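K.L.:
Before I ask anything, here is the structure I am working with.
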Amino acid sequence: MNVSEKEVSLSWTLVFDGNLPIKWFSVYYSNSEFRNVFNLSSNKYQATISSLKAFTQYTVNVTATNQMGESEPAVLMLKTKEWRKLCSNSIEK
């Protein structure tokens with residue numbers, strides 16, 4: 001997992017598929033202000049969530065769906081990094 005000020009990149013492994021092919025993965029993410037979801041094809045085991053707010057707590061859930069339904073979520077709680085100034089406060093002469 002890689003977390004920055006505005007995005008998080010994550011990857012996962014499939015633990016058990018119920019002996020049925022996975023149709024898709026769903027990535028749910030939320031903070032205190034909103035909840036969003038996007039789906040990925042069954043051969044994708046990584047995702048990047050972007051346009052996040054800096055220094056904000058998020059909950060991320062990843063599920064897999066096959067013909068039996070949606071799995072229990074893998075849950076991750078994270079906090080995006082704080083913005084850092086890119087310039088120095090002192091100027092050399």
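K.L.:
Work out from phi, with θ = phi - 60° and the Karplus expression 6.51 cos²θ - 1.76 cosθ + 1.60, the ³J(HN,Hα) of each residue of segment 60-76, listed in order in whole Hz, and give x for Gly and Pro.
P.N.:
Values per residue, Gly and Pro as x: 10, 10, 10, 10, 10, 10, 10, 5, 8, x, 8, 6, 5, x, 8, 10, 9 Hz.
K.L.:
Can you compute 3J(HN,Hα) from phi for each residue in segment 31-40, using the Karplus curve 6.51 cos²θ - 1.76 cosθ + 1.60 with θ = phi - 60°, rounded to whole Hz and x for Gly and Pro?
P.N.:
9, 5, 9, 7, 9, 9, 8, 9, 10, 10
K.L.:
Using 0.36 nm per residue, how much length does the chain from Tyr28 to Arg84 gain when fully extended, once their Cα-Cα distance is taken away?
P.N.:
Taking 0.36 nm per residue and subtracting the Cα distance, the gain is 17.4 nm.
K.L.:
Scan around Lys44 for amide H atoms under 5 Å from its own, H built in the peptide plane at 1.01 Å from N, and keep only partners 5 or more places away or cross-chain.
P.N.:
Residues meeting the amide H criterion: none.
K.L.:
Also, I was wondering about something else. Taking Rh as the Kirkwood radius, which is the inverse of the mean 1/r over Cα pairs, what is the Rg/Rh value for the chain? Walk me through the numbers on the way to the answer.
P.N.:
On the way: Rg = 17.3 Å, Rh = 14.9 Å.
Rg/Rh: 1.16.
K.L.:
Which value, in debye to the nearest 20, describes the size of the charge dipole of the chain about its Cα centre when Lys and Arg Cβ atoms bear +1, Asp and Glu Cβ atoms bear -1, and nothing else is charged?
P.N.:
Here the chain has a charge dipole of around 380 debye.
K.L.:
Would you work out the relative contact order for the chain, in percent, from Cα pairs under 8 angstrom that are 6 or more residues apart?
P.N.:
Details: 169 pairs, mean separation 30.2, N = 93.
About 33 percent, as a whole number.
K.L.:
Then there's this: How about segment 28-85: which chymotrypsin sites (Phe, Trp or Tyr not before Pro) there are in a DSSP loop, with at most 11 other Cβ atoms within 10 Å of their Cβ?
P.N.:
Those satisfying the criteria are Phe34, Phe55, Trp83.
K.L.:
Follow-up question, since we're still on this one. For the chain, what is the number of Lys pairs with C-alpha distance below 13 angstrom, counting only pairs 8 or more positions apart or on separate chains?
P.N.:
6
K.L.:
Could you derive backbone 3J(HN,Hα) for segment 11-22 from the dihedral phi with the Karplus parameters 6.51, -1.76 and 1.60 (θ = phi - 60°), listing whole Hz in sequence and x where the residue is Gly or Pro?
P.N.:
Running phi through 6.51 cos²θ - 1.76 cosθ + 1.60 with θ = phi - 60° gives 9, 8, 10, 7, 7, 8, 9, x, 6, 10, x, 6 Hz.
Just so you know, all these numbers are worked out from the coordinates, no wet-lab data involved. All values derive from a computational prediction rather than experimental measurement. Glycine gets a Cβ as well: all are built from the backbone with ideal geometry, and neighbour counts include every protein chain shown.
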